[in-house]
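Undergrad: Sharing a structure here in structure tokens format.
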Number of protein chains: 4
Amino acid sequence: MQVSIACTEQNLRSRSSEDRLCGPRPVPGGGSGSGVTSSHGNPSGGGGNGPKARTVPVARPLGPAAVTHSGALRESAGRGTSMKYRNLGKSGLRTAENLMTVAYEHGVNLFDTAEVYAAGKRSSYIITTKIFWGGQAETEKGLSRKHIIEGLWGSLERLQLGYVDIVFANRSDPNSPMEEIVRAMTFVINQGLALYWGTSRWGAAEIMEAYSVARQFNLIPPACEQAEYHLFQRDKMETQLPELYHKIGVGSVTWSPLACGVITSKNEGRIPETCRGTIKSYQWLKDKVQSEDGKKQQVKVMDLLPIAHQLGCTVAQLSIAWCLRSEAISSVLLEVSNTEQLMENLGALQVLAQLTPQKVLEIHWLLGNKPHTKK
Amino acid sequence: MQVSIACTEQNLRSRSSEDRLCGPRPVPGGGSGSGVTSSHGNPSGGGGNGPKARTVPVARPLGPAAVTHSGALRESAGRGTSMKYRNLGKSGLRTAENLMTVAYEHGVNLFDTAEVYAAGKRSSYIITTKIFWGGQAETEKGLSRKHIIEGLWGSLERLQLGYVDIVFANRSDPNSPMEEIVRAMTFVINQGLALYWGTSRWGAAEIMEAYSVARQFNLIPPACEQAEYHLFQRDKMETQLPELYHKIGVGSVTWSPLACGVITSKNEGRIPETCRGTIKSYQWLKDKVQSEDGKKQQVKVMDLLPIAHQLGCTVAQLSIAWCLRSEAISSVLLEVSNTEQLMENLGALQVLAQLTPQKVLEIHWLLGNKPHTKK
Amino acid sequence: MQVSIACTEQNLRSRSSEDRLCGPRPVPGGGSGSGVTSSHGNPSGGGGNGPKARTVPVARPLGPAAVTHSGALRESAGRGTSMKYRNLGKSGLRTAENLMTVAYEHGVNLFDTAEVYAAGKRSSYIITTKIFWGGQAETEKGLSRKHIIEGLWGSLERLQLGYVDIVFANRSDPNSPMEEIVRAMTFVINQGLALYWGTSRWGAAEIMEAYSVARQFNLIPPACEQAEYHLFQRDKMETQLPELYHKIGVGSVTWSPLACGVITSKNEGRIPETCRGTIKSYQWLKDKVQSEDGKKQQVKVMDLLPIAHQLGCTVAQLSIAWCLRSEAISSVLLEVSNTEQLMENLGALQVLAQLTPQKVLEIHWLLGNKPHTKK
Amino acid sequence: MQVSIACTEQNLRSRSSEDRLCGPRPVPGGGSGSGVTSSHGNPSGGGGNGPKARTVPVARPLGPAAVTHSGALRESAGRGTSMKYRNLGKSGLRTAENLMTVAYEHGVNLFDTAEVYAAGKRSSYIITTKIFWGGQAETEKGLSRKHIIEGLWGSLERLQLGYVDIVFANRSDPNSPMEEIVRAMTFVINQGLALYWGTSRWGAAEIMEAYSVARQFNLIPPACEQAEYHLFQRDKMETQLPELYHKIGVGSVTWSPLACGVITSKNEGRIPETCRGTIKSYQWLKDKVQSEDGKKQQVKVMDLLPIAHQLGCTVAQLSIAWCLRSEAISSVLLEVSNTEQLMENLGALQVLAQLTPQKVLEIHWLLGNKPHTKK
């Protein structure tokens, strides 16, 4: 089995990072994470590898030729597996097995960029980067043409790459005209610095506006949206994005399928004690998990145990398979910190086939949080 | 006489190929040939030069200045010949004598890229490459922007060229939006990596859609379609492509004028024992030639012998001249494996002048397979 | 506090200039200043650094990390200050604190381009250049495509930069078609040589025409206009440009907030004896200041003293704050010759908050020169 | 006085040419000159500098700073002269004094490209090149995208330049679609290889089609047409091109103001014995001059002598001034072989002011060949 690895800038960059993260990636609250920008705006800053800096090393690519430490993986999902692909939205870009893994460095070899090129396998990976803005030091930047272009130049220089496959604009910016954003994205694509562009954490109306501006000025529309999606965060992904997919072909790449660590198979039923929760700067995460909502969610997770056992899988595998069930979802980003986690998560692919409409209905009934759709 | 040589990537690339091919080039069945992609997707793969790998070395260019081993050719078709040119579709690109030769390496000197540039004669050749997809290892690629661009970059790197004249998209891809394909082709042209783009084995409706999308978004439409055309494969070329030519100017470059070796002048009437037929991997070709249809076609070929004798030419020459008779055909790709074959095939140019409407009618009557046209 | 420094070409270029300027920058009369072009058209000319040559060295960037000699500045406007940003027109480009300083070299360290890049802080500065034409030696140039492109190439070479943030077309050219100008500006932006383009000293109708042509041909419209604006030059900025801002998003960068030295806090009430006034070539400036109009204006300046004292600021600070009060003004260019002047001028930011509608009315009443607007 | 020198490729290229030409430049008959292409298509060919090869060295630029051997010129047309400029059509490109000189190498220093750049004076010259096609060896090329792009690349390589100011398409090509031509020209401009494009020897309807296609696809329209124009060749320039200028802004650069040597001031009245006439390969020119038409024209030239004497100038100066009288003419290409000829021709600028409507009428009456215009 071949697995496309979404190599975000953070993956490729900070292989020598000292503090290993093992929890969720996104910054909470939807606000401008204070630490996010430090590694972007100030690469020379000493605090760049701090807890919230998103510096996540990535595992060695797991393609047939490049895999070295994944004998077990081969076993569980070997060449014999009938491989399926989904397109990124209605674009022609395909992602293997609907899973893009963002692997953490725990016993897994690092992604060696040089080697990748030596083997001429660039085409087998999808490498993305994000244009961040909104942090303390970057308040003045926004999604201006200047920041999009310079931000991407900076990423490429740090990555030592000539181009990325997808450049994402992280969070929409009401103070930058949409025409300027779409023109800048089209510019970097026409310059060959990126092949596609996407949005991250944008509202449906904003994505529609970007598409509309692209049509008005014959520019390149966005290919996909990165959105949070898991058992307890369903609204946007189930009510808004399918419409975008069907109407304008914008697909979704979802992240956090395990609800920032709330859904975990490590302890199958015990209140999770995420390792991030023990790090001071991840206090927010700990707080979230231990909040009223967090505790209720953990009860729900336990309610899913019987279904998981029925399917012979873990709750985490069930949850990931559940995310993959919609055709509008191009890819689910996994975040794992070691080989076992990666292999466990990949097991969700086998579960997907067993996820009958009946089972999905059962889960809906258990969760009781199905969003109202217009249809 | 000056002959434009269509230097496909395979021609230029594998001069040191060990297994010499002397049969037809296209992969049968219209499906995704298993071996086709190996030489593209995995240049380091040992099997890249396998039988179906399309690795065909090309003869030294035969232009007046560059010819070194073709004294006989000069004799048969020297400078005195009234040279005719056809445009590639309704584009301004002209091809000398309507023949683009894809010469195999049998006693013919190799095409020396370095020398070509030293002599500043790049403008005398038409160099093309193809974006393949659909092979086992490339199922996930399709005609995505990523694959078109990276595929062409890969070709240029292997060819050690800065650009090709025409880049072909081999087989249409229903899973990639036409807008993405045409935008990617326009991108590589605007980047100076190719001068024109064409399609290969596309349906008429798909070509029309590409044209229409190009018009809608002010992108560059395709210049030509590469299609199989010979005495026993007439439908698409005679019923669909002329309409495309007249309506939107898309011309045709045809291949396999000798029906994958069924039409041969080597044995004038005997069941052909193509050398490819003796190679194990070309069993399909042997099977095809020896099938019921193949045997019927060989009978037809024998029926053409009297006409060929009347015109003082071989059946192969007659067949090639017959392909050249339509104005909608920009060029006929020859596939030869040695100097004699090349010179024999080029003799078709003299036959063309003798191919009166009366003779064409006679051939139609003998073949009995004239397709029904809408007109 | 972080201060964006507008590094015009002149700033970066002539750090070793011998004659220090301490007065206004613009060339008077609106005509083609005879000296302006000498430094542009003839970089090797010995007279390039003459008095009118706009060769103004710039201070070391004052951002938190880079400041070295501005302890006092930190004190008066430190990190605690609530930082505000304005966008450049309705574009996404933001300028810190609405002030772009053009600092002269008096005790302030020089802007070290190399260091800037070493620190990876290019994104913190806004670097602009201007395409001049109309000088004696450049009469034949105009705003032709040739001159815009070659002019910018020349600037970038002199600056040793790959691109500028904004390229300004200085003065409109009735003899060059607007389509050619906008196409050339779009070309340099698409080539990555500039991120935005703007106009300088253009009429509102001309800016509107540029916008309209950009819309007609799907080119990039101008982002902002550079215009003179101060207590005694209010018409264009208060009657014409706001409409442009609201209708087509073109913002204004204003210069000469101290009326070419007429408004000065050095002598608070005395007739100013600008240092430029003592240089022979600035005789025109001296003449202007000592003209009837100039003398009347200096009387008005003295009338403002009570208001300034009321607000606990200097007349210069009051005048700059007054310029900043309109939302249509993206940035005010300061021109200072030493640290004290820079710090005094930056103090205007504190005054701005105190500039109540009541105070603005008082000033209007004192000046008696409020232009008639259509609204 | 500063004189813009139109440095055609031929000027810059063949400084070491052995055979000096002193006659007209264009190839007669409007056909495809057999020798024209040899220097283009085959730069290594030994015959590249043959008589018809258009290899004309150019004089050292005569701008104020660069002039070294033109003391006399300075005298006759020094800085004091009121300099006038005309735009190239309605484009913004200006040409000094309406004369673009193509100087031959007779006692005049060569144009030293390296020096030009060292002095940073590229912006003072207008350097053009032409895409030729139609010669024997280039029949297959036409104005295809391939030939336009490769032709220009070839020119730039030979010129050792990064770009030219204007690239001309020499003769229209009915077999290349206008869309392809205009797209290719827009491509080379967008690539920065040329700043403008023009036509040469095109019909008015063809130019209008190019303009129309440019408008249809939002491409760049041609800026000017190069056309033959002199006392005995008036039709196209006086009836067709003014309409193009007024309607679509396409200007005219005219060549051969002295009717291929028929009008000469060397012998003021004697049958000209052009030096080209003594070279075998210029037999056609000799034939033309000595034909019935040629003899009649020489009689007319003698009829103009009284008017020339009245104005205190030579017939050649009068003829050049007469060419310059129309505002639709952007520039007149001079072809001179030595300093005296250049200076004499430049004297036409003084004559122009004296060319009253009355005098123009007198000339019309003498010539008796005023073409009928539609107006």
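The values are calculated or read from the model by the stated rules, or taken from the named source; none is laboratory data. Every value quoted in this text rests on a predicted model; they were computed, and no experiment measured them. When we count neighbours, we look across all protein chains shown, and the Cβ atoms used for this are built from the backbone with ideal geometry, even at glycine. These area figures cover heavy atoms from the full protein model, side chains too; ligands, DNA and RNA do not enter into them. Shrake-Rupley method; radii C 1.70, N 1.55, O 1.52, S 1.80 Å.
Undergrad: Which ones in the range A:128-145 are surrounded by fewer than 23 Cβ atoms within 10 Å (Cβ to Cβ) and either modelled with pLDDT of 60 or more or within 12 Å of chain C (Cβ to nearest Cβ) (or both)?
TA: A:G134, A:Q136, A:A137, A:E138, A:T139, A:E140
Undergrad: Based on what the data block shows, is B:E157 at pLDDT below 95, closer than 20 Å to A:V164 by Cα, within 11 Å of chain A (Cβ to nearest Cβ) and buried (at least 20 other Cβ atoms within 10 Å of the Cβ)?
TA: no
Undergrad: List the number of the failed condition for B:V351; all other conditions in (1) open to solvent by less than 20 Å² (accessible area, probe 1.4 Å); (2) in contact (Cβ under 8 Å) with a residue 60 or more places away in the chain hold.
TA: With respect to (1) open to solvent by less than 20 Å² (accessible area, probe 1.4 Å); (2) in contact (Cβ under 8 Å) with a residue 60 or more places away in the chain, B:V351 is out only on (2).
Undergrad: Could you count how many residues in the range B:199-215 are open to solvent by less than 20 Å² (accessible area, probe 1.4 Å) and farther than 27 Å from A:N218 by Cα?
TA: Going through the range B:199-215 one residue at a time, the tally reaches 1.
Undergrad: Something else now. Go through the residues of the range A:218-225 one by one and say whether even a single one is under 23 Å from C:N87 (Cα atoms) and touching a residue at least 12 places away in the same chain (Cβ under 8 Å).
TA: no
Undergrad: When you scan the range C:296-316, how many residues do you find that are touching a residue at least 12 places away in the same chain (Cβ under 8 Å), part of a helix (DSSP H, G or I) and not polar (S, T, N, Q)?
TA: The number of residues fulfilling the criteria is 10.
Undergrad: Among the residues of the range A:160-174, how many are more than 22 Å from the chain's Cα centre (by Cα) and either within 8 Å of chain C (Cβ to nearest Cβ) or of a type in the set (K, R) (or both)?
TA: So the count comes out to 0.
Undergrad: Here's another thing I want to ask about it. Every residue in the range B:208-266 that is touching a Pro at 6+ places or on another chain (Cβ under 9 Å) and of a type in the set (K, R), please.
TA: B:R215, B:R234, B:K236, B:K266, listed by residue number.
Undergrad: Please verify whether B:L311 is open to solvent by less than 40 Å² (accessible area, probe 1.4 Å) and over 22 Å from B:M237 (Cβ atoms), treating the condition exactly as stated.
TA: Criteria met by B:L311.
Undergrad: Among the residues of the range C:323-344, how many are touching a helix residue (DSSP H, G or I) at 6+ places or on another chain (Cβ under 6 Å) and not in a strand (DSSP E or B)?
TA: 3
Undergrad: Continuing with this model, one more query. Taking B:S319, is it in contact (Cβ under 8 Å) with a residue 60 or more places away in the chain, crowded, with 23+ Cβ neighbours inside 10 Å and under 15 Å from B:Y229 (Cα atoms)?
TA: Yes, satisfied.
Undergrad: Another question, then. So is D:Y125 within 20 Å of the chain's Cα centre (by Cα) and within 12 Å of another protein chain (Cβ to nearest Cβ) or not?
TA: So D:Y125 passes the test.
Undergrad: With the condition kept exactly as written, say whether any residue in the range D:301-314 is acidic (D, E) and under 21 Å from D:G251 (Cα atoms).
TA: No, the range D:301-314 has no match at all.
Undergrad: If a residue must be outside any loop (DSSP other than H, G, I, E, B) and either at the interface with chain B (Cβ under 10 Å from one of its Cβ atoms) or surrounded by fewer than 21 Cβ atoms within 10 Å (Cβ to Cβ) (or both), how many such residues does the range D:175-187 contain?
TA: Residues in the range D:175-187 being outside any loop (DSSP other than H, G, I, E, B) and either at the interface with chain B (Cβ under 10 Å from one of its Cβ atoms) or surrounded by fewer than 21 Cβ atoms within 10 Å (Cβ to Cβ) (or both): 8 in total.
Undergrad: Restricting attention to the range B:216-243, which residues are away from chain D (no Cβ under 14 Å) and either in a strand (DSSP E or B) or buried (at least 23 other Cβ atoms within 10 Å of the Cβ) (or both)?
TA: Listed by number, the residues that qualify are B:E225, B:Q226, B:A227, B:E228, B:Y229, B:H230, B:L231, B:Q233, B:L241.
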